Amino acid sequence: MTIDARVEELLSRMTPAEKAGQLTQYFYFRLPPGAPGPVLDIDPDEQPRMVESQLAQSAVGSLLFVTDPAETNRLQRLAVEGNRLGIPALFGFDVIHGLRTVFPVPIAMAASWDPETIEAGQVVAAREARAVGVHWSFAPMVDVARDPRWGRIVEGAGEDPFLGAVVAAAQVRGFQGPELGTPERIIAGPKHFAGYGYAIGGRDYDEVNISDSELWNVVLPPFVAAIEAGAGNVMTAYMDFNGIPATGNRWLFADVLRGTLGFEGFVVSDANAVRNLLTHGFAADLTDAGARAVNAGVDLEMAISAPAYAHLPEALESGATDIEAIDACVRRVLEAKIRMGLFDDPYVDEDRARAVLADPAHRDVARVAAERSAVLLRNEGGLLPLDADALGSVAVIGPLADSPRDTIGPWVFDFDLDETVTVLAGIRARAGGSDQSGHDASAPHSVRSGRPAPDHAVRVEYARGVPVVQREFPSLFDMFGGNTPSDPEGFDEEAEFRRAVDLAAGADVAVVVVGEWQNMIGEMASRSSLELPGRQLELLQAVVATGTPVVLLVMNGRPLDLRWAAENVPAILDIWYPGTQGGAAVANLLFGDVSPGGKLPFTWPRTVGQVPMTYAHTISHEPENQARRYWDEASTPLFPFGHGLSYGRFAYTELTVDEPSTTTDGTVTVSVEVTNTGDREADEVVQLYLHQRHGTASRPVRELKGFRRVTLSAGESRTVSFPVGPDERRYWNAAVRDWVTDTSTFDVWVGGDSTAELGATFDITT
Ligand code: NOJ
C-alpha cells in the first residue's frame, strides 16, 4: 500500500475526537528530585498522570521531552495499545546541540563556517536521539539575529542570511539524512516561522515588525535552504508578526510557507502558542484559537497546558473550521509517522540505546567541532600558541574555567557532567602531566585530547577569583536541575580575588576565562547590557596589571563588551560554550596542536548602545562620517563580521573576474589566490562580498555571497573560485513586490572578513 493510501485508510476510520488527538502534542516530563518548582503554570506531579491517561485514550498523538528509552517504550506502548487504530506516538525533543554528547552551542557551530563539521555534529545528535526513542528535533533554529540582547542569538547562526542558509541546510542534512525515515536519523524542524529574532529591544517574545524587503531578503533565506534540504517540519513563532500573531497567521503559513516556499511537511505550534492566541487578544476562546490555528495551517499543537485542539470537534460543529482543514492537518502528521517507520517499529532497544550514548567516537566529533568553532579575536605579538615545553607554570583563573555545567552551555538536558571536560581539566590533561588531570578533585574519565600528554609537566594552578553571578529571576530551565552551581561554602570573595591575582603574578602565563553563565542566555534570557557580569572585568584588569602575559578565553553565546580587553589583553580566544569535550579542544588550541580557524557569525559591537548593528547596512547621507554617528562612541564594530585570526598568516592576491560584463541571467567567476605566508599549517575562511552600485532599490554596502574554509600548509597557495550568478545578485524589491536582478556595476571583494579590501568590478547588462 502506498503511503497516501495508508493515510486515507486510517483517516476514513477516525472520529473527529481522534483526529483532534492526532493533532495534539503534550509536554511530558518528570522533574528530577529536588528540582525547584517550575515557572510554568502546571502541576509537576499531576502532569505525567494526566498525559498518560490522555495518551491511552487517543486524546494525544505526540509527546515532547521524553528521552529515557525505558520511558519512551512504556509511553509508546500506552499509545499503541490504547489506540483503537494502533497509531503510534511521535516523540519530539529539543535536540539543539547534542543529546548526551554535547556539541558547541549553535552560534559556535556556525562560527566554524564549515558545513561538514555542522552536519557531522547533527548526525551524532540524531543517532543518540533516535536510539533513545526521539523521532524529531525542534531544530535547527534558523532565526536571523541582529540584536545580541536577545538571548536566543546563541541558538542560531547569527546575523547573515547567506551564512544562515548554508548552516540551516547542513543541520537539516545532519538530522534527517537524505530523506525522512533514514535509519538513525530524525525529523528536522527549522524554527521559528518567521522573524522571531527581531523582537523589539531584544526582549524575548516581544512583537516583531519586519519590512517586506527584510522578510524576503534576510529572514526567509535560511528557511528556504532548510526546506530545500528536505526539512520535514517547521515550528511557528510566539510573537506578533506585523500585528498578527505568527501562530494564527494564515498568510505566513498558507501563502508564504506552503505556497511560495513549497513546504510539504507538517507545522507544529511553539509550546502553548495556540492557547496564546487568547493572550494576544486575537482569539475569543480556546475553540476559536484552535479553529484559527488549524485554518492557518498549523497541523500540530504543542501544548504545555490544556490544549486548544481538544476543542476542535466543537469548532467543527459550530462551523468555525471544516473537516477539510482538519483532515489536511491529520494527513500531514500521519504521513510523518509512516515515513519515520513508527507503524513498523515503534519501540527502541534499551541496551543499544546505552551503547550508542556511550560511543566514544561521538566525543571525538564533539572535540573536533569545538576546535573548529573557536575564534581567535586577537593575538598580539604571537602570544598564542603557548609552547608547553618552554612553560613552567600556567595560572588558570575564573569561575567559568572549571564549571562543567557552563562549559556545555544552555539548551541541554541529558548531559553527563562527570565526563564534561572543563578548560581547567583540559589544560591539566594536555600540559600538566597525568597526575594533574581532572576538574577539582574528581578526575573526568574521558579527556579525549586526541594527542599524547607532553613529557614535560607544566604546573597548572587554579583560582576562581570572583564569585558565580547568580540569576535574579527564575530561569525557564531551573526546573530541570543541573544549573550553574553556587560558590563553595565559606567562599571569601576578597581573599579569593587576591589569591587569583597572586597566582597570576607568580605564573609564566595566565589563562583567564570570562563570560556569561549559561543560564544568562537562551530562551527568556535576554540582557539589557553586554558587559561582563559581576566582577570579571575587575579581575581581568588586576591580572593584566601583574605584568604576566594573559590569554583571555571568552565563554559566551553573544558578543560581550570587550572594549578594555581588546586594547589591553594580548590574546583573546572566543571558545563559546564549547560542549562535552570543550576543555580538551581549548587545550589543543592553546598549545598549538590545532590552529583556530573560526570566524565571527555576527558583527561584534563595542557597546550595547550600538545594537542592532550589521555589516550589511545601506548607506545614505554623509557617508564619509559613517564611523561617527554617535556623539560618545565610534559607530564601527569592535570586531567585524567574519573576523577571526589563526596561527597562520594569509595573503590575498590575483583577484580576477573572468568576464568584465555579462547579462542578467549570466554568471561570472571570481577567483583569488590565497597564500599562507605563516610558518605553520592553518585554516582560513575565504569570504566573498558583493555590492550593487545602482539599481531599482538601494542595496547593502556589502553582502556575503560565498565562502570556503580551506587548510593551507606553511607557504602553500591555492586559487579559490566563486560563481556570482543570478542567485547571488537577485533580491526582493519591495516596490515591485517581486524578485529582481538589476543591470548595474557590481563591486566584489574577497578576503578574510567583511572589511576585505582586495576588490574588482564587473557589469551586468541587459
Ligand atoms: C519554546 C521554544 O520557543 C521552542 O524553541 C522550543 O522548541 C519549545 N519551547 C519546546 O521546548
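The values are calculated or read from the model by the stated rules, or taken from the named source; none is laboratory data. Bear in mind the structure is a predicted one, so any value in this text is a computation, not a measurement. A quick note on method: Cβ atoms are made from the backbone with ideal geometry, for glycine too, and the neighbour counts reach across all protein chains shown.
Some observations on this one:
- Residue check for residue 274: within 16 Å of the ligand (Cβ to nearest atom), farther than 30 Å from residue 102 by Cα, touching an Asp or Glu at 6+ places or on another chain (Cβ under 8 Å) and not acidic (Asp, Glu): yes
- Of the residues screened, residue 294 is not one that is assigned by TED's automatic domain parsing to the domain that holds residue 19, surrounded by 23 or more Cβ atoms within 10 Å (Cβ to Cβ) and in a loop (DSSP other than H, G, I, E, B).
- Scanning region 182-203 for residues that are more than 12 Å from the ligand (Cβ to nearest atom) and of a type in the set (A, V, I, L, M, F, W, C), we see that the one that is surrounded by the fewest Cβ atoms within 10 Å (Cβ to Cβ) is 200.
- Taking region 209-223 as the range and being more than 16 Å from the ligand (Cβ to nearest atom) and within 19 Å of the chain's Cα centre (by Cα) as the test, the residues that pass are 218, 219, 220, 221.
- Boolean, residue 101 is under 21 Å from the mean Cα position of the chain (by Cα) and over 27 Å from residue 193 (Cβ atoms): yes
- Residue 582 passes every criterion in (1) over 20 Å from the mean Cα position of the chain (by Cα); (2) of a type in the set (Gly, Ala, Ser); (3) within 14 Å of residue 374 (Cα to Cα) apart from (1).
- Looking across region 735-766 at every residue that is farther than 25 Å from residue 602 by Cβ and of a type in the set (A, V, I, L, M), the one that is surrounded by the most Cβ atoms within 10 Å (Cβ to Cβ) is identified as 764.
- Remark: residue 65 matches the filter, which requires a residue to be in contact with a strand residue (DSSP E or B) (Cβ under 7 Å, 6 or more places away or on another chain), of a type outside the set (Val, Ile, Thr), on the phi > 0 side of the Ramachandran plot and within 16 Å of the ligand (Cβ to nearest atom).
- For region 132-161, the set of residues classified as more than 16 Å from the ligand (Cβ to nearest atom) and either at pLDDT below 95 or in contact with a Lys or Arg (Cβ under 6 Å, 6 or more places away or on another chain) (or both) consists of 148, 149, 159, listed by residue number.
- Filter result for residue 288 (under 26 Å from the mean Cα position of the chain (by Cα), more than 16 Å from the ligand (Cβ to nearest atom), of a type in the set (Asp, Glu) and assigned to a helix (DSSP H, G or I)): no
- Only residues that are free of Cβ contacts under 8 Å to residues at least 12 places away in the same chain and either assigned to a loop (DSSP other than H, G, I, E, B) or within 24 Å of the chain's Cα centre (by Cα) (or both) were counted across region 265-284, and they come to 2.
- Residues in region 291-306 that are of a type in the set (Gly, Ala, Ser) and at negative phi were compared, and the one that is farthest from the ligand (Cβ to nearest atom) is 291.
- Positions within region 491-541 being in a strand (DSSP E or B) and either of a type in the set (A, V, I, L, M) or surrounded by fewer than 22 Cβ atoms within 10 Å (Cβ to Cβ) (or both), in sequence order: 509, 510, 511, 512, 513, 514
- Meets criteria (within 16 Å of the chain's Cα centre (by Cα) and within 16 Å of the ligand (Cβ to nearest atom)) for residue 60: no
- All positions within region 71-103 that are within 16 Å of the ligand (Cβ to nearest atom), touching a residue at least 60 places away in the same chain (Cβ under 8 Å) and of a type in the set (A, V, I, L, M, F, W, C): 90, 95, 96, 99
- Against the criterion of being of a type in the set (Gly, Ala, Ser), within 16 Å of the ligand (Cβ to nearest atom), at pLDDT 95 or above and closer than 22 Å to residue 186 by Cα, residue 336 does not qualify.
- Among (1) over 29 Å from the mean Cα position of the chain (by Cα); (2) more than 24 Å from residue 603 (Cβ to Cβ) - the single one residue 712 does not satisfy: (1)
- The residues on offer are 226, 231, and the sole one that is assigned to a loop (DSSP other than H, G, I, E, B), within 16 Å of the ligand (Cβ to nearest atom) and buried (at least 24 other Cβ atoms within 10 Å of the Cβ) is 231.
- Cross-chain or 6+ apart pairs with Cβ under 7 Å, region 196-210 first and without any contact (Cβ under 8 Å) to a residue 12 or more places away in the chain, then within 14 Å of the ligand (Cβ to nearest atom): 200/206
- Within region 491-505, tally of residues that are touching a strand residue (DSSP E or B) at 6+ places or on another chain (Cβ under 7 Å) and farther than 12 Å from residue 396 by Cβ: 2
- Qualifying residue in region 238-245 (condition: more than 21 Å from residue 24 (Cα to Cα), in contact (Cβ under 8 Å) with a residue 24 or more places away in the chain, more than 16 Å from the ligand (Cβ to nearest atom) and β-branched (Val, Ile, Thr)): yes
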